Amino acid sequence: MRKALRGFLPLAVLIGTVSATGAPAGAATAAEPAAVRSAVSDSGTSTDIKDRILAIPGMSLIEEKPAAGYRYFVLNYTQPVDHRHPSKGTFQQRITLLHKDTSRPTVFYTSGYNVSTNPSRSEPTRIIDGNQVSLEYRFFTPSRPSPADWSKLDIWQAASDQHRVFTALKQIYSKNWLTTGGSKGGMTATYFERFYPKDMDGVVAYVAPNDVVNKEDSAYDRFFAGVGTKECRTRLEGVQREALVRREPLEKKYEQYATDNGYTFTTVGTLDKAYEAVVMDYIWAYWQYSLLADCDTIPADAASATDQAIWDSIDSISGFSAYADQGLANYTPYYYQAGTQLGSPDIKQPWLGKLSRYGYQPPRNFVPSSIPMKFQPSVMRDVDTWVKNHASHMLYVYGENDPWGAERFRLGKGARDSYVFTVPGGNHGSNVAGLAPAENATATAAILRWAGVAPAAVQADPEKAKPLAKFDARLDKKDLTTEHRLGGTRRP
């Protein structure tokens, strides 16, 4: 994480200029929507946008899907396994592209996990009425090198993936670019900005954790001591405690559940450790995904509740498949990063007394033992220091009741035109739309301004800011709280 890396530009492989003389293919008529009309190259030759994209060396088409008002492409892009040594092998990284018009700004989105191959718009994309490029994070299958050298999974390599994609597509999408993402995607957007601060015109990071000192997690303990109401906390603590008090009968149920579904526990070690990990996640998961109003669904008197009621409550919130091998497999890259660079929470949960046998288990327990891991304590401190001193055109949105926001990014004296806002009562799905009206307007106006599309009325009065594109249930129904909820809850 040396400062010298900030200006390092990795050698490009298979990146070239877009052909300006390619033969036109499937030119659209003037009556067709702008999103499906032919693009015009620098030479004046009419060329279909798909041909322009596929003219980028290393870019290949997986499929094109229908999306009303847009063109939507699922693509592969050839990336070096190691951006410092690009001659030492490549892999195919999945990308999706929601194309509206090359005259519009572009949003670069990543969840920090797998990429969805169904058309959708992030909130900033709707706000600026733009194009959207979405990238699958390296080492999430199928975007995994083979053989997998796990030492090449770090935040700088991932930021360099984004830099190469941006460099290639900027030749076509020449207007302003913003980067965005929720949770680990918000972290990813921040790291991209830290290492390549000249690429993007703005950053919109949602509910992004910032674990600067991995061994100091008292902020989380303070959060759980005061979140919501005393009544709600008591209900949740009661159910979690009963799940450990009734470990024997509920683990018998878990054994049958695992047998019925073919679940195994090689990675975590034993069914008992997997069971406890799920139970220990219960309260965290509740506040991450639920609202205070949902507390009515939690048994009021856990001690008198049936075993089935305790099981159902834990399963519906934490998910008993989470720490089986089959639940962990797709998220190995996240747990690897949590245990090597990102850090992970270690909460005390004192209401459990001595019922816990293993404590809040570390990421090492959720990664196959064959993969070596060593934590690098300086990495997050470097990013945190950079944001405080250099943040420019950066917006962070958090939820008041989201545990991941207990350790968050904060701005220092060196920040310029940047903001940190909190959604009242919000969870891990918090967004700009949920902010108080004044902050909503400020955030929306900033996004429009950074994208270079703020109307004159908004420039004169930010309170008039609103999304440029109308809500579309087919594209905008995506919910950050469910994006990667299946398979576990101890992930941002």
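Are any of the pairs LYS170/LYS198; LYS152/LYS374; LYS170/LYS464; LYS253/LYS273; LYS65/LYS100; LYS215/LYS374 more than 19 Å apart by Cα-Cα distance, and if so, which? Correct reply: LYS170/LYS464. Based on C-alpha pairs under 8 angstrom that are at least 6 apart in sequence, the range 292-363 has a relative contact order of 20 percent.
What does the charge dipole of the range 278-356 about its Cα centre add up to, to the nearest 20 debye, if the Cβ of each Lys and Arg holds +1 and the Cβ of each Asp and Glu holds -1? Here the size comes out at about 340 debye.
Dipole magnitude for the range 252-304: computed about the Cα centre from +1 point charges on Lys and Arg Cβ and -1 point charges on Asp and Glu Cβ, it is near 180 debye.
The calculated FRET efficiency for the pair ASP272 and LYS215, based on their C-beta separation and a Förster distance of 30 Å, comes to about 0.70.
To the nearest 10, the accessible area of SER146 is 110 Å² with a 1.4 Å probe. Summing Cβ point charges (Lys, Arg +1; Asp, Glu -1) relative to the Cα centre of the chain gives a dipole of roughly 1360 debye. Carbon-plus-sulfur accessible fraction, the chain (probe radius 1.4 Å, protein heavy atoms only): 52%. Couplings for the range 211-228, taken from phi via the Karplus curve 6.51 cos²θ - 1.76 cosθ + 1.60 with θ = phi - 60°, read 8, 6, 10, 4, 7, 10, 10, 5, 4, 5, 4, 5, 4, 5, 6, x, 5, x Hz in order; Gly and Pro are left as x.
These residues, ASP294, ASP221, go from largest to smallest accessible area, 1.4 Å probe, as ASP294, ASP221.
Coupling constants for the range 137-150 follow from the phi torsions by the Karplus curve (6.51 cos²θ - 1.76 cosθ + 1.60, θ = phi - 60°), and in residue order they are 6, 3, 6, 7, 5, x, 7, 10, x, 9, x, 8, 8, 5 Hz; glycine and proline get x. Solvent-accessible surface of the chain, averaged per residue with a 1.4 angstrom probe and all protein chains in place: 40 square angstrom.
Here the extension length gained between ASP301 and LYS230 equals 24.1 nm, from 0.36 nm per residue of separation less the Cα-Cα distance. Look at where the Cα atoms of the range 344-384 and of the range 56-119 average out, and the two centres are 33 Å apart. Remark on the range 139-246: hydrodynamic radius 17.5 angstrom, per the Kirkwood mean of 1/r across alpha carbon pairs.
For the set SER174, SER369, the ranking by accessible area, highest first and with no ligand, DNA or RNA atoms included, is SER369, SER174 under a 1.4 Å probe. Toward the positive end of the charge dipole of the range 146-290, about the Cα centre and with charges on Cβ (Lys, Arg +1; Asp, Glu -1), which of GLY181, LEU169, GLN288 goes farthest? Going by the Cα projections, it comes out as LEU169.
For HIS85, the accessible area of its heavy atoms, probed at 1.4 Å with every protein chain present, is near 90 square angstrom. A straight chain from ALA460 to ASP312 at 0.36 nm per residue would run longer than the Cα-Cα distance by 47.9 nm.
The values are calculated or read from the model by the stated rules, or taken from the named source; none is laboratory data. As the structure is a prediction and not an experimental result, all values here were calculated from the model. With ideal geometry, Cβ positions are generated from the backbone for all residues, glycine too; neighbour counts draw on all protein chains shown. The area values use the complete protein model at the heavy-atom level, side chains included, leaving out ligands, DNA and RNA. Shrake-Rupley method; radii C 1.70, N 1.55, O 1.52, S 1.80 Å.
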